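The values are calculated or read from the model by the stated rules, or taken from the named source; none is laboratory data. Everything numeric here is computed off the predicted structure, so don't read it as measured data. Counting neighbours? That spans all protein chains shown, and the Cβs are built from the backbone with ideal geometry, glycine included.
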Amino acid sequence: MKRLITLIVNGQTYEVAVEPRQSLLQVLREELHLTGTKEGCSEGECGACTVILDGKTVDACLIFGVEANGRHIVTIEGLATGEELHPVQKAFADYGGVQCGFCTPGMILAAKAFLETNPNATDEEIRWGIAGNLCRCTGYVKIVEAIKAAAHHYRAMAAMQG
């Protein structure tokens, strides 16, 4: 029997009827038509379905939609402001951190969450920070370069606040 839940996705409130065992990934893609979140392994191993739930990255395939009731979710669709890309998105485009693009939404969200708490990360720390997100097309060099470039934005923000 379906259950009515409320989700705050990318700042917008949605009321949606979901099956109790329907994953958050399925709710986002099938009910809200936010298809930027990708289904990869469906086992929480690849990170293609990474979203930010209440400020922390999660694999949307491992969370039931009903568990997200009343919670704040950020998907890749929520990063850009109009036509202006988020700094992490822009860095991925500028530094060639995208190849086939399948892992990119999850990778960008993981990088965003990581940089918010680690704007001075080393290459090794960046690699650990995105370790839950797999890319089959690259050797991660361009991805790490993009994340390092985006880190400049986070350091500048911290300097303005500090």
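Against the condition within 30 Å of E19 (Cβ to Cβ), surrounded by 19 or more Cβ atoms within 10 Å (Cβ to Cβ), touching a residue at least 24 places away in the same chain (Cβ under 8 Å) and not assigned by TED's automatic domain parsing to the domain that holds K38, how does L109 come out, does it pass?
So L109 passes the test.
Can you name the number of the only condition in (1) without any contact (Cβ under 8 Å) to a residue 60 or more places away in the chain; (2) farther than 30 Å from T6 by Cβ that L134 fails?
(1)
Being at pLDDT 95 or above and in contact with a Cys (Cβ under 9 Å, 6 or more places away or on another chain) is the requirement here; does C100 meet it?
So C100 fails the test.
In the range 1-25, what residues are farther than 20 Å from I108 by Cα and not aliphatic (A, V, I, L, M)?
K2, R3, T6, Q12, T13, Y14, E15, E19, P20, R21, Q22, S23 - these are the residues of the range 1-25 that are farther than 20 Å from I108 by Cα and not aliphatic (A, V, I, L, M).
Going by the structure shown, is T138 of a type outside the set (A, V, I, L, M) and over 30 Å from V18 (Cα atoms)?
Yes; evaluated as a whole, the condition is true for this residue.
So for the range 60-73 (the condition being closer than 15 Å to F114 by Cα, surrounded by 14 or more Cβ atoms within 10 Å (Cβ to Cβ) and either outside the structural domain of L7 (by TED's automatic domain parsing) or not hydrophobic (A, V, I, L, M, F, W, C) (or both)), does at least one residue qualify?
Looking through the range 60-73, none of the residues is closer than 15 Å to F114 by Cα, surrounded by 14 or more Cβ atoms within 10 Å (Cβ to Cβ) and either outside the structural domain of L7 (by TED's automatic domain parsing) or not hydrophobic (A, V, I, L, M, F, W, C) (or both).
Restricting to the range 121-137, count the residues that are surrounded by 14 or more Cβ atoms within 10 Å (Cβ to Cβ) and either touching a strand residue (DSSP E or B) at 6+ places or on another chain (Cβ under 7 Å) or among the β-branched types (V, I, T) (or both).
Number of matching residues: 3.
Being buried (at least 16 other Cβ atoms within 10 Å of the Cβ), of a type in the set (S, T, Y) and not assigned by TED's automatic domain parsing to the domain that holds A149 narrows it down to one residue among T50, T13; which is it?
Only one candidate passes the filter, namely T50.
Which one is farthest from the chain's Cα centre (by Cα) among residues in the range 6-30 that are without any contact (Cβ under 8 Å) to a residue 12 or more places away in the chain and in a strand (DSSP E or B)?
Among them, the one singled out is E15.
Being assigned to a helix (DSSP H, G or I) and among the small types (G, A, S) is the filter; apply it to the range 151-162 and report the residue that is nearest to the chain's Cα centre (by Cα).
A151
Here are some residues: G47, G36. Which one is among the small types (G, A, S), within 11 Å of T75 (Cα to Cα) and touching a residue at least 60 places away in the same chain (Cβ under 8 Å)?
Criteria check complete, one pass: G36.
Please indicate, with yes or no, whether at least one residue in the range 140-155 is surrounded by fewer than 19 Cβ atoms within 10 Å (Cβ to Cβ), at pLDDT below 95 and closer than 25 Å to L34 by Cα.
No, the range 140-155 has no match at all.
Could you list all residues from the range 94-108 that are over 16 Å from the mean Cα position of the chain (by Cα) and of a type in the set (A, V, I, L, M, F, W, C)?
C100
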